[in-house]
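Colleague: Sharing a structure here in C-alpha cells format.
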Amino acid sequence: MAVAHNLGFPRIGGDRELKKAVEAYWKGDITEDNLRQVGRELRAQHWQLQKDAGIDLLPVGDFAWYDQVLTHSLTFGVVPERFAKAGAKPTLDTLFAMGRGVVESSCCGGAHAQEMTKWFDTNYHYLVPELTADLEFSLSWEQLFEEVDEALALGHSVKPVVIGPLTWLWLGKVKGEAFNKLDLLEKLLPIYGEIFQRLAAQGVEWVQIDEPILSLDLPQEWKNAFERAYNLLQREPLKKLVATYFAGLEDNLGLAAGLPVDGLHIDLVRAPEQYPTILDRLPAYKVLSLGVVNGRNVWRCDLEKVLDTLKHAHERLGDRLWVAPSCSLLHSPVDLEREDQLDEELKSWLAFAVQKTAEVAILAEALNNPDSPQVKAALAESRKVQESRANSPRIHKPEVQARLAAVTPAHSQRKSVFAERIKLQRERLDLPLFPTTSIGSFPQTADIRAARLAFRQGKLSEADYKQAMRTEIQHAVQVQEELDLDVLVHGEAERNDMVEYFAEQLDGYLFTRFGWVQSYGSRCVKPAVIFGDLTRPQAMTVEWIEYAQQQTNKIMKGMLTGPVTMLMWSFPREDVSREQQARQLALAIRDEVVDLEAAGIKIIQIDEAAFREGLPLRKAEWQHYLDWATESFRLTASGVRDETQIHTHMCYSEFNDVIDSIAAMDADVITIETSRSQMELLEAFETFHYPNDIGPGVYDIHSPRVPDSEEMANLLRKAAKRIPVEQLWVNPDCGLKTRAWPETKAALEHMVKAAKQLREEYKKAAA
C-alpha cells in the first residue's frame, strides 16, 4: 500500500488565529495560558483536517510560535546571553524576545533581536541561530514532546518533524571568534539522540528529518559530515525519513540515497528530472517519498500527469512508495473552500493546503484502489480543470505578446552612465551630506484599516475614502517635515500591501479573501495570483503622489514595487516561465514610472525587496536568473530622463555574493537592510567598488525597540569606512507600516539626529 503523508501544514489558522492570539499576548490582552489554548485548538483542528482528507501519517512539530528554526534553537538550549536568565530554562517570553527584540519596559528585558533572513528561496523568514565556539547544547524545550502527546491522545498516527543537524548548523551564523561550524556537530548529535529516544518512548515509529541543504552546492567537508552524522544517528531509535526539497539533489543524489536511514523524500515539482534516476540509486530496503503536489503554489495538481510517474514508481517500489507534497504546506494558504467571492472558473483551477492534502490522499488511493468510484471521479474532475485552463481565452493577450516581442536592449538602458546622471541629480535635488529618507510606508493604523474595510464593504463612499487617505497623507507629510527629513514619502496609507495594491490594478491577477501565508513571526501576507498575461489599464499611484507633493516644498519620493518582487511575492503562473511574467510586469510598471516623472516627481523608488530571494539554490543556475531579473528592473527604470533619480530597496537577504548583479541594475540609489547584522552585510564593499549611491539601514523596523541616535551614528561610521560618504544615504532597514506612530517618530528623530551628527563630524574633518 502506498502511504499518503504530509511534510507540514500551515500553522496560522484559516482566520489567522495564531497571529491574532500572539499579538494579543504581546500587548498583554491575553495570558500565556490563553495563548497556549489557541495553539492546542489550532493543532487539533489541523490534524483533523489532514486526517479527514485521507493523510495516513500526520506531521507533528510543524507548529511554531514564531518560526521553526527558532524553536529548534530553544530546543537545543541555544539562547544568546542577552536573552538568558542565569540558570533558568527558556520560556515563551524568551522565544518572543529572541524573535522581536525587546524594550526595557516589556516582559523580556532589553536586547536587540536575532538576525533574520529568508528560508532558502521562499518569502518565509527564519531567525538565524547564533553559534559560538564554546557553545554547549542541552535539551531545553519540551514543545515537540508535548505536541506528540496531544496528537496521540487524539488518536492520530503521527510523524514528528525536526530540522536535521546539518541544516540547522548550516543556517547558523558564527559569532565571536571564527571557527568551523562543523566543530559543533559532535556536541549537537547527542541532543538528537535524546530527542529520538524520547519520541520512541512516546510510541512514535517514524521521524521526518528535514535536510534541505542537500539540494545546495555543498563543500566536501559538509558531505563528509552528513555521512559521519547519520552513521552515528542510525544507532538511535525510530525509523528515519530524510526530507529534501526546493531543488534537485544533483551531485548529492548518491550521498542522500546512501545515508543509513529508512527513507528519503525528494521534490519532483521543482526537480522532476530526479525521477527515475533515484530508483537506481536507492537501496532495496528504503522508503521513497515522492513530492508530487506543489507545496509552494496554489494551482490544482494535474492528477493524471502525476499518476503516470507514481504508477511507474509503485511498480518498482510497492509498499516502499510514499506520496507527499513537494515540501511543507507552510507556504500555501489554508483552505480554498473559505473563498466565497472568487470567480467560479478561476476558483476551480486552485488548491490550498486542505485541498492539496486531499490531492496527495487521492493519488495514494489511485495506486491502492485504482477502480474506486472516488478515484475515477477525482481524475475526471482533474481532467476537466486542466482542459478548462489550457483552453481559456482569459489567459493569453496578443497585444502583450506583441509589445514584449518589440522590446530591444536599448529599452533597458538609461540614456547616460551613472557618473553623468548623478551630477545632474545632485544639482537638481540639492541635498545635504548623509541625506535622510524612509523606505516608503508609515504605520497602518486602526483608522486606516477601518476606512479601507468600510470602503470595501460599501459603507464608505469612494469620495469619503479618498478624503480619509488624503488626511493620512497630510499627517505623514507633516510628521516628516517636523522631524526634518530631507526626502519625504507619502506613507502609503492607501496601500493594503506593497504587491497586492498594484496587482489589484493590473489585469491578469486574481485575489483571495483568505489566502494568507506566514512571512515571519506574526506577520502574514496574502499573495495575489497571476493567472494570465499582465497589463496596466491606467495609472496606479500618480494621483496620490501628486497630492503628497502638493503638501510640501521638500522632495517627495514616488513609491513602486518592482517586477521581480511583484512576481516573487505573488503565486505565479505555471504555464509560462518566470522570466516572461517578470518582463510583462516590467513593462506595466515602466508605464507608471514614466507617468510619475511626467507628473513632476524627481525621485522614484522601485522596490526589489525579493531580488535575492529569486536566486536559484544551485550556483550553476544563478546567471540565467540574474540576467533576466536585472534586465527586468532596468526595463522598468530606463524610460526616464537622466535627472530623474531612481531608487531601489532590498529586504533581509545575503546579497554579498550577487553584488555585481545588484550594481548592474544601475539604480541611482539602493537602500538595504544592514542593522541586524551590524553592517556585516557591507563587507562586500571592501572588495567591490559599488559605483552608485547606497543607504544601509541604520535601525531594525521589525522590532519595537527604538535605538538611540548614538547607536545609529555608530552604524553610519561603520558604513563610512567602506563606502565614500558622498554616496551614503541614511534610512531605516525597511518600511514602517507594521510599527506604531510613537516608536516610528522616536526612531526617525534619532535617525535624523545621527545624520546631522555625522555631517558635523565630516565638516570638521574636512576643515
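Colleague: Need the full-extension length gain, Arg82 to Asp575, defined as separation in residues times 0.36 nm minus the C-alpha distance. One decimal, nm.
Modeller: 172.5 nm
Colleague: Can you list the aspartates and glutamates whose alpha carbon sits under 13 Å from that of Lys19, skipping same-chain ones fewer than 8 residues off?
Modeller: Of all the aspartates and glutamates, those that pass the test against Lys19 - Cα under 13 Å, at least 8 places apart if same chain - are Asp67.
Colleague: Separate question: Hey, how much of the P(r) for region 481-538 falls beyond 18 Å, as a percent of Cα pairs?
Modeller: 50
Colleague: How much length, in nm to one decimal, is gained on full extension between Thr471 and Ala406, taken as 0.36 nm per residue of separation minus their Cα-Cα distance?
Modeller: Result: 19.1 nm gained on full extension.
Colleague: Under 8 Å for C-alpha pairs, at least 6 residues apart: give me the relative contact order for region 471-618, rounded to a whole percent.
Modeller: Relative contact order here is 25 percent.
Colleague: Next question, about the same structure. To test your reading of the geometry: what angle, between 0 and 90 degrees and rounded to tens, separates the Cα axis of helix 462-483 from the longest principal axis of the chain?
Modeller: Helix 462-483 sits at roughly 70 degrees to that axis.
Colleague: Okay, next question. Tell me which residues come under 5 Å, amide H to amide H, from Thr671 once H is placed; ignore anything under 5 positions away on its chain.
Modeller: The answer is Thr648, His649, Met650, Gly695.
Colleague: Just grab the label-to-label distance for Glu337 and Lys763, each label 7 Å out from Cα along the Cβ direction, in nm (one decimal).
Modeller: Distance between label points: 6.8 nm.
Colleague: Suppose only helical runs count, i.e. DSSP H with n ≥ 4. What mean residue ellipticity at 222 nm does that imply for the chain under -39500 (n - 2.57) per run, divided by all residues and rounded to the nearest 500 deg cm²/dmol?
Modeller: Details: 27 runs with 324 residues, N = 767.
Taking each H run of at least 4 residues, the total per residue is -13000 deg cm²/dmol.
Colleague: Next up: Quick check: net charge around Thr445, other residues with Cβ under 14 Å of its Cβ, Lys/Arg +1 and Asp/Glu -1? If you can, show how the numbers build up before the last one.
Modeller: Numbers: positive: Arg449, Arg452, Arg495, Lys737, Arg739, Lys745; negative: Asp447, Glu472, Glu492, Glu494, Glu743.
Counting the neighbours of Thr445, the net charge comes to +1.
Colleague: Could you tell me which label, among [x] 93, 63, 55; [y] 102, 56, 51; [z] 75, 65, 51, carries the value of Cα extents along the principal axes in Å calculated for this structure?
Modeller: It is the value labelled [z].
Colleague: Label-point separation (nm) for Gln623 and Glu250, each offset 7 Å from Cα along Cα-to-Cβ?
Modeller: Once both label points are built, they end up 1.3 nm from each other.
Colleague: Given labels modelled 7 Å from the Cα in the Cβ direction, how far is it in nm from Lys347 to Lys311?
Modeller: The two pseudo-label positions are separated by 3.3 nm.
Colleague: Each residue of region 171-176 in order: what ³J(HN,Hα) in whole Hz does its phi give by Karplus 6.51 cos²θ - 1.76 cosθ + 1.60, θ = phi - 60°, with x for Gly and Pro?
Modeller: Once rounded to whole Hz, the list reads 6, x, 10, 5, 10, x.
Colleague: Just to be sure I follow the definition: excluding the sites themselves, where is the longest run in the chain that has none of the trypsin sites (Lys or Arg not before Pro) in a DSSP loop with at most 13 other Cβ atoms within 10 Å?
Modeller: Longest gap between qualifying sites, sites excluded: 236-414.
Colleague: Do any of Lys602/Lys721; Lys305/Lys737; Lys118/Lys159; Lys181/Lys763 go past 32 Å between their Cα atoms, and which? If you can, show how the numbers build up before the last one.
Modeller: Details: Lys602/Lys721 30 Å; Lys305/Lys737 44 Å; Lys118/Lys159 26 Å; Lys181/Lys763 44 Å.
Exceeds cut-off: Lys305/Lys737; Lys181/Lys763.
Colleague: Hey, another quick one. Please give the helix 709-722 orientation as an angle from the longest Cα principal axis of the chain, in degrees from 0 to 90, rounded to the nearest 10.
Modeller: That works out to roughly 90 degrees.
Colleague: Here is a follow-up. Once you list every other residue whose beta carbon is under 11 Å from the beta carbon of Glu482, what net charge do they have if Lys and Arg are +1 and Asp and Glu are -1? Before the final figure, lay out each step's value.
Modeller: On the way: positive: Lys745; negative: Glu481, Asp484, Glu749.
Result for the local shell: -2.
Colleague: Next question, about the same structure. Counting alpha carbon pairs within less than 8 Å and at least 6 residues apart, what relative contact order, in whole percent, applies to region 532-598?
Modeller: Numbers: 46 pairs, mean separation 32.5, N = 67.
Over region 532-598, the number comes to 49 percent.
Colleague: To continue, here is another question. Quick one: length gained pulling Gln538 to Arg281 fully straight, 0.36 nm per residue minus the C-alpha distance? If you can, show how the numbers build up before the last one.
Modeller: On the way: separation 257, 0.36 × 257 = 92.52 nm, distance 5.54 nm.
Gain on extension, Gln538 to Arg281, equals 87.0 nm.
Colleague: Sticking with this structure for a sec: How far is helix 32-53 tilted off the main Cα axis of the chain, in degrees rounded to 10, range 0 to 90?
Modeller: Between helix and principal axis, roughly 60 degrees.
Colleague: Contact order normalised by length for the chain, with contacts defined as Cα pairs under 8 Å and 6 or more residues apart; what percent is it?
Modeller: 13
Colleague: Exactly which GluC sites (Glu not before Pro) in region 438-515 are in a DSSP loop and have at most 16 other Cβ atoms within 10 Å?
Modeller: For GluC sites (Glu not before Pro) across region 438-515 that sit outside H, G, I, E and B with at most 16 neighbouring Cβ atoms in 10 Å, the list reads Glu504.
Colleague: Need the list of lysines near Lys347 for cross-linking: C-alpha distance under 20 angstrom, and skip anything on the same chain fewer than eight residues off.
Modeller: Lys356, Lys384, Lys526
Colleague: State the antiparallel share, in %, of DSSP beta bridges confined to the chain, rounding to the nearest 5.
Modeller: Close to 15 percent.
Colleague: Another question, then. Can you spot the aspartates and glutamates whose alpha carbon is less than 15 Å from Lys311's alpha carbon? Ignore those fewer than 8 places along the same chain.
Modeller: Straight-distance partners of Lys311: Asp302, Asp319, Glu365, Asp371.
Just so you know, all these numbers are worked out from the coordinates, no wet-lab data involved. Worth saying up front: this structure is predicted, and the values here are computed from it rather than measured. Neighbour counts run over all protein chains shown; Cβ positions are idealised from the backbone, glycine included.
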